[in-house]
1. For the range 46-54, check the following and say yes or no: at least one residue is closer than 25 Å to residue 99 by Cα, in contact (Cβ under 8 Å) with a residue 12 or more places away in the chain and part of a loop (DSSP other than H, G, I, E, B).
2. Could you grab me the full set of residues in the range 146-185 that are more than 14 Å from residue 120 (Cβ to Cβ), in contact with a Leu (Cβ under 9 Å, 6 or more places away or on another chain) and assigned to a loop (DSSP other than H, G, I, E, B)?
3. For residue 139, state whether it is hydrophobic (A, V, I, L, M, F, W, C), closer than 23 Å to residue 8 by Cα and out of contact with any Cys (no Cβ under 7 Å at 6 or more places or on another chain).
4. Yes or no: the range 100-108 includes at least one residue that is touching a strand residue (DSSP E or B) at 6+ places or on another chain (Cβ under 7 Å), surrounded by fewer than 21 Cβ atoms within 10 Å (Cβ to Cβ) and polar (S, T, N, Q).
5. Any idea which of 27, 8, 38 is in contact (Cβ under 8 Å) with a residue 40 or more places away in the chain, surrounded by 15 or more Cβ atoms within 10 Å (Cβ to Cβ) and assigned to a helix (DSSP H, G or I)?
6. Output the residues belonging to the range 109-126 that are in a helix (DSSP H, G or I) and touching a strand residue (DSSP E or B) at 6+ places or on another chain (Cβ under 6 Å).
7. Confirm whether residue 80 is farther than 28 Å from residue 181 by Cα, touching a residue at least 60 places away in the same chain (Cβ under 8 Å) and surrounded by 15 or more Cβ atoms within 10 Å (Cβ to Cβ).
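Only the coordinates and a few stated rules stand behind these numbers; no lab work does. It should be emphasised that the depicted structure is a prediction, and the values quoted were computed from it without experimental measurement. All Cβ positions, even for glycine, are placed from backbone atoms using ideal geometry, and neighbour counts span all protein chains on display.
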Amino acid sequence: MLQDTGERVIPDEMKPSNGLLLEHLARYHFCIPYLHGRVLDIASGSGYGTQMIAKAAKKRVSEVIGIDLDDEAVNYANSRYYHPLVRYNQGNATDPILKELYGTFDVIVSFETIEHIEEEARFLENVYKLLKPNGTLILSTPFGKGRGKPCGSPFHIHQLTVEEFKNLFNEYDYKQVEFYFQRGVLIEPEKKGIHYPLGVAVCKK
C-alpha cells in the first residue's frame, strides 16, 4: 500500500470518475504521439502513467525510465506497474549526476513537477542536459499568483503565472516551442477569454 500524500495519484485507490485522476491520465495520453526512442518520466510517482505510455508507444520506444524522489513510490511502481520496457528508479530531478547515470533521452515528460521544486533553474538546466539534440520536452504545471507568492496548495513552492510559465523555455528554439492549456481532460491551444488552470509546454531542443 502506497501512502496517500494528498497530491499523489494512486489509481487503485481512486474512483474511475475522479477528476484529478482523469486530468493526470489526459496529460499522459496527450504526450503519446510525441514518444519515441528513449523516454524519461520525471516524478513518475506511483508509475501508472509511465507504464501507460510504454504500453501505448511500445512499437516506437526502446526504453522508458521513471524517476521519483520517493523510495516508497518507486517500490510501489516496480511492484504494481511493471512493463518490460520500463525501469523505475529513485532520484532527485535536480541532481546533476542523472546524465551520468542514465544518459540522454529522445523525449522527457514531467507533469506537475516544477511547482514542487525550489531549485527551478537547476531543474530546467538538468532537463535540457538530459535531452538529446532535437529531443522533446513535455512539461505541465498549474497556474497561480506567481513565483514566490503563496498558493492554495501546501505541497507547492509556488504556482507560476501564464507569462512566467511561457518564459521558462528560452533556451529552446522559440519556433519549436508550443503551448497548450488544460481544463479538465481537455488540452488545447489557448483560446481568448477562457481561464485555464494548467499549462502544457512542448519544446524541441
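1. Filtering the range 46-54 down to residues closer than 25 Å to residue 99 by Cα leaves 46-54.
Then drop every residue that is not in contact (Cβ under 8 Å) with a residue 12 or more places away in the chain, which leaves 46-54.
Imposing the further condition that a residue be part of a loop (DSSP other than H, G, I, E, B) reduces the set to 46-47.
Checked against the condition, which is being closer than 25 Å to residue 99 by Cα, in contact (Cβ under 8 Å) with a residue 12 or more places away in the chain and part of a loop (DSSP other than H, G, I, E, B), the range 46-54 yields at least one hit.
2. 172, 184, 185
3. Details: hydrophobic (A, V, I, L, M, F, W, C): yes; closer than 23 Å to residue 8 by Cα: yes; out of contact with any Cys (no Cβ under 7 Å at 6 or more places or on another chain): yes.
In short, yes.
4. Yes, there is a match, as at least one residue in the range 100-108 is touching a strand residue (DSSP E or B) at 6+ places or on another chain (Cβ under 7 Å), surrounded by fewer than 21 Cβ atoms within 10 Å (Cβ to Cβ) and polar (S, T, N, Q).
5. Values: 8 fails: assigned to a helix (DSSP H, G or I); 38 fails: assigned to a helix (DSSP H, G or I).
Going through 27, 8, 38 in turn, just one is in contact (Cβ under 8 Å) with a residue 40 or more places away in the chain, surrounded by 15 or more Cβ atoms within 10 Å (Cβ to Cβ) and assigned to a helix (DSSP H, G or I): 27.
6. First, pick out the residues of the range 109-126 that are in a helix (DSSP H, G or I): 114-116, 120-126.
Selection gives 114, 115.
7. Numbers: farther than 28 Å from residue 181 by Cα: yes; touching a residue at least 60 places away in the same chain (Cβ under 8 Å): yes; surrounded by 15 or more Cβ atoms within 10 Å (Cβ to Cβ): yes.
The answer is yes for residue 80.
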